[in-house]
Amino acid sequence: MNLNIINPATEEVYASVLTDTPESVKHKVAKLREGQRKWKKVPIEERLAIISLFGELVHAQIDELAFILTSEMGKPITQAVNEIKGSHNRISHLEQNAVKWLSQEVINSQGSTLEKITFEPLGVIANISAWNYPYNVGYNVFLYALVAGNAVCYKPSEYATITGIQMKKLLYEAGVPNDVFDCFIGDGRVGEWLLDSELDGYFFTGSYNTGKHIASRIAHTLVPVQLELGGKDPLYIVDDISDVEWAAKSAAEGAFYNTGQSCCAVERIYVHENIYDQFIQAFVQEVHNYKTGDPLEKDTFIGPLARKEQIQWLSQQVENALDKGGRVLTGGKPVSGKGYYFQPTVITDVSHRMSVMREETFGPVIGIQKVKNDREAILLMQDTEYGLTAGVYTADEKRAIKILEEMDTGTVYWNCCDRVSADVPWTGRKNSGRGSTLSYMGIRAFVQPKAYHLRKI
Ligand code: TXE
C-alpha cells in the first residue's frame, strides 16, 4: 500500500511512499534482534562517536531537512530550522553524560563481597512517535536508546514520514548498522503490528487516547512502557508584573509557536484582574502582528495545521465557547482558500464549562480568564486531567515557588514557558504520561540494572 503525504499548505501530494506490511514488520524486527546482539557489544564511546557524526551530517543538511519538515507538516520554515538546530542539544547532552550514567557503579568494595550495578540495554525497543517536533521527540528516544546499546524500531508519525526516512539515511551514513535501526512506515495499523511484535520496551509520544490504548494493549507483556502525551498547560500572570507587554508577548509566543501544536504549548491563561485589561490589549496586539501564511516564507509565524481534521476540532471549541458566553477578540475561523489554516484566535470571558479551557486544543486558539487572586488561579490551573507543565509570571520568586509547588505537573516554569532542556527530565503526570526522557533519567530509561554480588573464595 502507498501512503500519500499531503502538503498541508497546498493540499497537494508532496510524496508517496510504500507502507510496511505485517510481513515486512516481522522481517525487520527479526533483523533488528540479530543486530542488537552485536550492537550492545560495541563500546559506548564508539556508539557515541557515531551519534556525534550523525549530528554533524544533520547540521550540514539543515536547510534541506527543514524544507522537508515544512513541506510535510507545515511548520513555518524558520521554526523548522530552529527545531533541527535546537535538537542538537540532545547530542551534546549524550556526549557529556552518557558514559557517566551508563558506566558500572561499584557500591561496596570493602569486605569479602563486591557489590556493583551494571546497566544493560533493554534490547529491541519501539519508538512510536509524533509529528509536531519529530527531531526533538525522536531524538529523546532513539538517540538515547541507540547510545545505550538498544536496537530501535522507529515509527515516525504518518505526518512526518519523509523526515523519519531522512533521519534513518543519515544514521546509516554516520555508521549505525542497518540491522540496529529501521523505520516502520504507515499509520496506526503499523503501530499495532509493532505492539504485536513482543519487543523489549515501548516508548510512545502522541495523544492521550493512543497512549492509553498502547499501555493497556501491552500491559500483559510486563515490558517497560513510557508515554509522553498531551497537556492542557496553564499560565498565570500575577499583578506584580511591571512589564505587562513583555508578559503578554512571551505568553502569546508560548501559545502560538508551532501554530499552537506543541505538547507544552500554553493552552490556557489566567490573568490577575488588576492587570487584565492591559494584558489583553497587549496580547491581542501581539497576535495581530503574527504573519499567517506560506510556511516557506521566513517571516511566517503561523502556518497551516498539520492535519485537516484539526480545523473542525478548533471550530467546535470556538463555537462551544461562544455558546457559553465567550467572546472572540480576534480570529475564530478557518482561513478560506487552499491549505489547512486557522486564524490565530483569542477568546475571553471563558470558563471551565468550555472545552477550550479543558480539552487539549493543539492549535492557534487560546482562552484567557480573569482571576481575583492566587488561590483562584491555583484551583483553576489544577482543574485538569492533564499534568505536563504549568507556569507563573510574577516578580516575586517566593510567591512563584509557592504556586508552583501546588502544581501536579512534571514541569513548572517561572517567568518562562513552552521550553524543554536536555538537562532536566521531561515527564508528564496524570493523562500527560508516565516515565521520563532527557536528563540522567532519560539515559537510564533505556537500560535495565543488573546487581552483582561477587565474592572471592
Ligand atoms: O498523536 P497520535 P499525534 C502529543 C500532543 C498531542 C499528540 C499529537 O500533545 O496530543 O501528541 O501527536 C501512532 N497503535 N505530544 O497526533 O495520533 C501514530 O501512527 C500504535 C506529546 O501524532 O496519538 C503516530 O506515529 N500506534 C508530547 C503515533 O502513534 C499508533 C510531545 C502518535 O499518533 C496507533 C509531542 C495504534 N493503535 C506530542 N494509533 C510530550 N508530552 O512530550 C496511532 N499510532
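The values are calculated or read from the model by the stated rules, or taken from the named source; none is laboratory data. Model, not experiment: these values are computed from the prediction. Quick reminder, even Gly has a Cβ in these numbers, built from the backbone with ideal geometry, and neighbours come from all protein chains shown.
List of remarks:
- Residue pairs meeting the criteria (Cβ under 7 Å; at least 6 apart or on separate chains; first farther than 12 Å from Thr259 by Cα, in the range 298-310; second assigned to a loop (DSSP other than H, G, I, E, B) and among the basic types (Lys, Arg)): Asp299/Lys291
- Residues of the range 270-306 classified as under 20 Å from Ala66 (Cβ atoms) and not in a loop (DSSP other than H, G, I, E, B), total: 2
- Of all residues in the range 399-457 being among the basic types (Lys, Arg) and part of a loop (DSSP other than H, G, I, E, B), the one that is nearest to Gln96 (Cα to Cα): Arg419
- Within the range 421-446, considering residues that are among the aliphatic types (A, V, I, L, M) and buried (at least 21 other Cβ atoms within 10 Å of the Cβ), the one nearest to Gln226 (Cα to Cα): Ala445
Results for (1) of a type in the set (A, V, I, L, M); (2) touching a Phe, Trp or Tyr at 6+ places or on another chain (Cβ under 9 Å); (3) free of Cβ contacts under 8 Å to residues at least 12 places away in the same chain, shown as yes or no for each residue.
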residue	(1), (2), (3)
Cys183	no, yes, no
Tyr202	no, no, no
Ser216	no, no, yes
Gln226	no, yes, no
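- Unmet requirement for Thr118, which otherwise passes all of (1) outside any helix (DSSP H, G or I); (2) within 16 Å of the ligand (Cβ to nearest atom); (3) among the hydroxyl-bearing types (Ser, Thr, Tyr): (2)
- Enumerated strands (runs of 3 or more DSSP E) restricted to the range 156-269, each holding at least 2 residues that are within 7 Å of the ligand (Cβ to nearest atom): 201-205
- When the range 229-261 is limited to residues that are of a type in the set (Ser, Thr, Tyr) and surrounded by fewer than 24 Cβ atoms within 10 Å (Cβ to Cβ), the one that is nearest to Gly293 (Cα to Cα) turns out to be Tyr257.
Yes or no, residue by residue, for (1) β-branched (Val, Ile, Thr); (2) free of Cβ contacts under 8 Å to residues at least 12 places away in the same chain:
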site: Ala30; (1), (2): no, yes
site: Arg33; (1), (2): no, no
site: Gln36; (1), (2): no, no
site: Glu45; (1), (2): no, no
site: Leu48; (1), (2): no, no
site: Ser52; (1), (2): no, no
site: Leu57; (1), (2): no, no
site: Gln61; (1), (2): no, no
site: Ile68; (1), (2): yes, no
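- Yes/no for Glu192 being surrounded by fewer than 22 Cβ atoms within 10 Å (Cβ to Cβ) and more than 22 Å from the chain's Cα centre (by Cα): no
- When residues of the range 354-364 are limited to those that are within 19 Å of the chain's Cα centre (by Cα) and within 16 Å of Ala251 (Cβ to Cβ), the one nearest to the ligand (Cβ to nearest atom): Thr361
- Taken across the range 341-353, residues that are at pLDDT 95 or above, under 15 Å from Ala252 (Cα atoms), within 16 Å of the ligand (Cβ to nearest atom) and not in a loop (DSSP other than H, G, I, E, B) do not occur at all.
- Candidates are the residues of the range 197-247 that are touching a Cys at 6+ places or on another chain (Cβ under 8 Å) and among the hydrophobic types (A, V, I, L, M, F, W, C); the one that is nearest to Ala400 (Cα to Cα) is Leu235.
- Applying the criterion of being away from the ligand (no atom under 11 Å from the Cβ) and in a helix (DSSP H, G or I) to the residues of the range 140-155, the residue that is surrounded by the fewest Cβ atoms within 10 Å (Cβ to Cβ) is Val147.
- Total residues in the range 1-58, condition acidic (Asp, Glu) and under 27 Å from the mean Cα position of the chain (by Cα): 4
- Screening Asn136, Asn127 for residues that are in a strand (DSSP E or B) and within 16 Å of the ligand (Cβ to nearest atom) leaves exactly one candidate, Asn127.
- Subset of the range 1-25 (residues that are charged (D, E, K, R), more than 15 Å from Glu72 (Cβ to Cβ) and assigned to a loop (DSSP other than H, G, I, E, B)): Asp20
- Any hit, the range 269-291, residues being among the small types (Gly, Ala, Ser) and either without any contact (Cβ under 8 Å) to a residue 12 or more places away in the chain or buried (at least 24 other Cβ atoms within 10 Å of the Cβ) (or both): no
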